[in-house]
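One structure is given here, and the rest of the page talks about it.
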Amino acid sequence: MAHLVTLIPGDGIGPEVSEATRRVLDATGVSIDWVVEEAGAEVLAREGTTLPERVLDRIRDSRVAIKGPITTPVGSGFRSVNVELRQTLDLFAAVRPSRSLAGLPTRYPDVNLVVIRENTEDLYQGIEFEKGTPEALELREELRRLSGRELREDSGFTVKPISVTGARRIVRFALEYVRAHGRRKVTLGHKANIMRFSDGLFLSIGQIEAEGHPEVWFEETEIDQLSMRLVREPSAFDVLLLPNLYGDIISDLCAGLVGGLGLAAGANLGWEYAVFEPVHGSAPDIAGKGVANPIAMILSGAMLLRHVKEPAAAEAVERAVDRVLERGDVRTPDLGGSSSTDEVAAAIDRELSA
Ligand code: NAD
């Protein structure tokens with residue numbers, strides 16, 4: 001039976017890498033019924049919203065989706081489609097593997113780690129108050145009353161909530177991920193000495209839950225320390241468990257350790273739905289030129305195949321990507337080559353059918 005998959009091509013380089021991904025996934029021979037839906041700024045102009053309810057319904061129907069990146073204009077007044085999608089569908093876990101790929105010039109030949117990022121809380125919850133608004137002024141008054149602290153009148157606010165419920169489910173998800181994927185160690189990153197009641201809570205839930213899993217080597221480290229250790233010795237890490245903001249930043253760092261954003265795949269998972277997407281954004285600087293690296297989204301597609309219980313096809317895609325990179329003759333400019341997005345997809349396609 002065919003798998004029903006919603007495809008959101010996105011904008012910028014999104015449509016280019018989405019087309020390449022669809023081609024490669026179809027070439028595996030796995031039967032997929034694609035339902036294509038648009039979201040983002042262009043949809044806003046037509047339908048008055050960046051994320052129509054129809055798109056969410058399609059994902060609820062298919063339960064599985066793959067999306068290209070979607071631009072979030074800075075200071076535009078509308079919220080990020082990506083953040084809204086994760087919150088509305090309760091996709092509370094972002095899973096982003098980073099592994100050294102053969103044939104690429106990299107400082108770190110033996111990286112094999114996974115970032116697990118809490119996806120719904122923290123500073124990305126979207127509770128913000130613009131400086132000078134009546135709400136911001138009222139909040140400042142309230143904070144003065146509650147804390148006795150004086151804040152500058154021209155302050156803007158972004159709230160950082162971390163709950164026991166939210167922390168517990170992502171910690172349990174990470175511990176279960178370690179078991180299910182034959183990994184050994186979880187490193188929880190935080191800044192609990194400064195943010196005692198948000199990061200501190202995240203850390204204490206991690207410690208409590210880890211006690212029930214003596215088979216998992218659990219360590220915790222401050223996020224600044226973690227950043228330094230990651231660039232010095234990334235091979236010492238296995239699974240990184242991080243609150244939302246740190247997870248976002250460290251994912252890009254880890255992508256950089258192994259060849260850049262053009263290779264970094266990801267998944268957003270909840271109990272009910274799964275949305276796969278590359279770590280990178282819409283790359284406006286190269287959009288429309290046909291030179292975007294499609295591998296990050298193709299590897300996200302391989303994660304999707306594994307999720308829908310097509311592990312042989314997932315492995316075939318990963319092996320085909322490895323072989324193309326190892327040979328080195330077909331590469332996009334971000335990896336030092338001069339090939340186009342389509343040429344990379346065609347090379348992977350050829351490997352799959354070889
Ligand atoms: P970006 O990831 O789009 O680009 C950063 C740099 O990496 C650019 O130089 C770009 O050319 C390069 N790059 C990224 N993907 C590449 C690929 N596949 N192949 C080759 N080079 C690639 O980050 P940004 O410029 O900060 O963000 C652009 C827009 O994307 C913003 O509006 C941002 O909000 C949005 N964004 C969306 C998502 C998402 O949809 N999940 C994620 C991150 C950023």
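Structure above, values below:
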quantity	calculated
Magnitude of the charge dipole, segment 152-221, Cβ model with Lys/Arg +1 and Asp/Glu -1, debye to 20	180 debye
Rg and Dmax [Cα atoms of segment 152-290; Å; Rg one decimal, Dmax integer]	16.7, 52
Three-way shape label, segment 134-218, alpha-carbon gyration tensor, a/c 1.5	prolate
Cβ charges +1 (Lys, Arg) and -1 (Asp, Glu), total dipole of the chain, debye	680 debye
23 Å Cα-Cα reach of residue 67 towards lysines, excluding residues that sit fewer than 8 places from it in its own chain	289, 309
Prolate/oblate/rounded label for segment 32-122 (Cα gyration tensor, a/c 1.5)	prolate
Average projected area [Cα convex hull, segment 200-354], square nanometres	11.6 nm²
Residue 86 accessible area, assembled protein chains, probe 1.4 Å, Å²	20 Å²
Dipole axis of the chain (+1 Lys, Arg; -1 Asp, Glu on Cβ), positive-most option in 133, 190, 92	190
Helix-only [θ]222 nm of the chain, DSSP H runs n ≥ 4, -39500 (n - 2.57) each, per residue, nearest 500	-13500 deg cm²/dmol
Förster-model FRET efficiency, 22 Å R0, residue 155 and residue 196, C-beta, rounded to 0.05	0.55
Neighbour count of at most 13 Cβ within 10 Å plus DSSP loop: longest GluC sites (Glu not before Pro)-free window in the chain	1-129
With all protein chains modelled, accessible area of residue 216 [1.4 Å, Å²]	20 Å²
Size of electric dipole in segment 215-314: Cβ of Lys, Arg +1 and of Asp, Glu -1, about Cα centre, debye, nearest 20	480 debye
Computed over segment 180-258: relative contact order in percent, which uses C-alpha pairs under 8 Å that are six or more apart	42 percent
Hits among aspartates and glutamates - C-alpha to C-alpha of residue 131 under 12 Å, sequence gap 8 or more where chains match	153, 154
Under the Karplus curve 6.51 cos²θ - 1.76 cosθ + 1.60, θ = phi - 60°, whole-Hz ³J(HN,Hα) for segment 211-218, x wherever Gly or Pro sits	4, x, 10, x, 6, 9, 7, 9
The chain - share of DSSP beta bridges that are antiparallel (%, nearest 5)	40 percent
Ratio of Rg to Rh over segment 212-252 (Cα coordinates, Kirkwood Rh, two decimals)	0.98
Relative contact order computed over the chain (Cα-Cα under 8 Å; 6+ residues apart), in percent	23 percent
Label zone at residue 233 (point 7 Å along Cα-to-Cβ), backbone N below 14 Å, segment 243-268	none
Zero-based 10 Å bins, Cα pair distances in segment 67-189, whole percents	10, 28, 27, 22, 10, 2, 0
Value of D in µm² per second that Stokes-Einstein yields for segment 264-317, Kirkwood Rh from Cα pairs, at 4 °C (1.567 mPa s)	107 µm²/s
Globularity ratio of the chain, using Cα Rg and 2.2 N^0.38 Å	1.02
Coil-residue chymotrypsin sites (Phe, Trp or Tyr not before Pro) of segment 129-226, DSSP, other Cβ within 10 Å capped at 12	197
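The values are calculated or read from the model by the stated rules, or taken from the named source; none is laboratory data. Just so we're clear, the structure is a prediction, and the values are computed from it rather than from any experiment. Neighbour counts run over all protein chains shown; Cβ positions are idealised from the backbone, glycine included. Just the protein is used for accessible areas: all its heavy atoms, side chains included, with ligands, DNA and RNA removed. Shrake-Rupley method; radii C 1.70, N 1.55, O 1.52, S 1.80 Å.
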